[in-house]
Amino acid sequence: MTPRSGAGRRRATAVLVVREAFAAFSRHRHGDTAAVLTYYGFLSFVPLLLLVSVVTSRWILRSPVAVEAIRGAADALVAGLGAMALDQIETLAAQRTWSLVGLLALFWSITPFAAAMRGAMARVFQPDRPVALWRAKLRDVLGALVLIAVFLLLVGGRILYGALARRLPTSLSVAAAAVQLGFSFALALGALGVLFRVFAPVRLRRGELVCGAVISAVLLLAIRPAFAAFLRYNPSYGFAFGSLKAVFLMLTWVYVSFAAVLLGAEITAAARRREVALLQLFLVGRGAEGAAPLVERHLRRFGAGEVLFREGDHGDEMYVLRRGTVRLRRGTTTLRDMHEGDYFGELAMLLDTPRSATAEAVTDGELVVIRRDQWEMMLREQPELALPLLRELAERLRATDAQFDERVPAMSSSEVRAEKAMTGSDEASTRRETTP
């Protein structure tokens, strides 16, 4: 492989992954998902802060650094709510004796957000099978524990950053800014890595986990200055909410943050299923030209006169013809000639039955091979892909019926009975006349 072709493949892969990620973001309606996460996150955040404050109240009240760290971590998460809510929460945590039942109630208030996050990740990564109810509830409890742990991680990082920042000379403002940015990125990376690991319904490899966390962390760090710039040039944004403008801006910030995390997750999922996304492009015939450098491993080239498969062979693959002509025949009878863009072999793949016809190349050409597991993954992601296939099968059945009806007047009644006996039934006859 030449350096130029390697660079072309990497570029084509990046374009395919990003395009698929944005398409999936729209297809899965993650704008709505981000709104749901914002709602549950808003309802769960105060119980989370209160639970952390109650559990660690003695340590917090004795350590101004810890109080400031929690305030900063809360403010970083929800852009202002932490600073407003922490004073009241500290008062409640210090003045009231909380029973075990009260602590459990606070903890259970966090689980709806964990369930919403788990559902969002399930839409992103499309697992093979749904999770059992009891297992889902256990994951929600584990998710709530992880959310508490992630918040404590952010608090610990803030304390560590504060201790380090105090040691830096005041003249090194650039170094201080770099340290702050590095710490923010590292904390976001660690927190997102834990969240992806816990809430993703599939087992992510280490590279995929790091990729998802890095992309989401970069997006989160990028939207902060972008959101600040937007407010700078649109100072009246949210003016209609009057005294609630601060709350409205906070919710908008949280919404955009969740959208960024979901987009990062979709990019990770698109990178996982890039081969299936590539084959899908060739199946539907849209946008496949730009991905041509990636399809080499799925290509099968053939020469004129070559038999691609024979009647009776086992078949767990279907084919999309990119170039050339392939003739489908049963015995000496030609069923159909397939040309560029046509697909065949789907019936044996779908029904797990032997090939019902022989495919022979008329000219030189090449085709794209799609395996059964890849097809099933396509359907899980986009069930509407089955509609063109069903229409094509119905059209071929109708054409076969028309051919059979034309033959019936020229046949005697005994020949008709023999024809039916040989094929089994009219329905079986039409089914066997379709593409293998």
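Some values worked out for this structure:
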{"read-out": "Summed residue charge, Cβ within 15 Å of Asp32's Cβ, Lys/Arg positive, Asp/Glu negative", "value": "+2"}
{"read-out": "Accessible area expressed per residue, segment 177-216, with surrounding protein chains retained (probe 1.4 Å, Å²)", "value": "50 Å²"}
{"read-out": "In Hz, Karplus ³J(HN,Hα) per residue of segment 301-314 (6.51, -1.76, 1.60; θ = phi - 60°; x = Gly, Pro)", "value": "9, 9, x, 4, x, 6, 8, 6, 7, 10, 4, x, 5, 6"}
{"read-out": "Full-stretch length increase - Asp337, Glu296 - with 0.36 nm per residue and alpha-carbon distance subtracted", "value": "12.3 nm"}
{"read-out": "Alpha-carbon gyration tensor eigenvalues x 5, square-rooted, for segment 301-373, Å", "value": "18, 15, 9"}
{"read-out": "Solvent-accessible area of Tyr237 with every protein chain in place, 1.4 Å probe, in Å² to the nearest 10", "value": "70 Å²"}
{"read-out": "Difference of contour (0.36 nm per residue) and Cα-Cα distance, Glu275 to Ala105", "value": "56.6 nm"}
{"read-out": "Where labels lie 7 Å past Cα in the beta-carbon direction, separation of Leu231 and Glu306 in nm", "value": "6.3 nm"}
{"read-out": "R0 of 30 Å, Cβ-Cβ distance Ile223-Asp316: FRET efficiency to nearest 0.05", "value": "0.10"}
{"read-out": "Integer Hz, Karplus 6.51/-1.76/1.60 couplings in order for segment 100-116, x for Gly and Pro", "value": "4, 5, x, 5, 5, 5, 4, 5, 5, 5, 8, 5, x, 5, 4, 5, 5"}
{"read-out": "Cα gyration tensor category, rounded, prolate or oblate, for segment 213-271 with a/c compared to 1.5", "value": "prolate"}
{"read-out": "Kirkwood Rh and Cα Rg combined as Rg over Rh, evaluated for segment 175-242", "value": "1.15"}
{"read-out": "Sequence-distant residues sharing a close amide H with Val362 (under 5 Å, placed H)", "value": "Gly305, Thr325, Val326, Arg327"}
{"read-out": "Nitroxide proxy distance, nm - points 7 Å out along Cα→Cβ at Val131 and Ile148", "value": "1.8 nm"}
{"read-out": "Net charge of neighbours whose Cβ lies under 11 Å from the Cβ of Ala120, counting Lys and Arg as +1 and Asp and Glu as -1", "value": "+1"}
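The values are calculated or read from the model by the stated rules, or taken from the named source; none is laboratory data. The structure presented is a predicted model; accordingly, all values stated were derived computationally and were not measured. Quick reminder, even Gly has a Cβ in these numbers, built from the backbone with ideal geometry, and neighbours come from all protein chains shown. Side chains included, ligands, DNA and RNA excluded: accessible areas come from the protein's heavy atoms. Shrake-Rupley method; radii C 1.70, N 1.55, O 1.52, S 1.80 Å.
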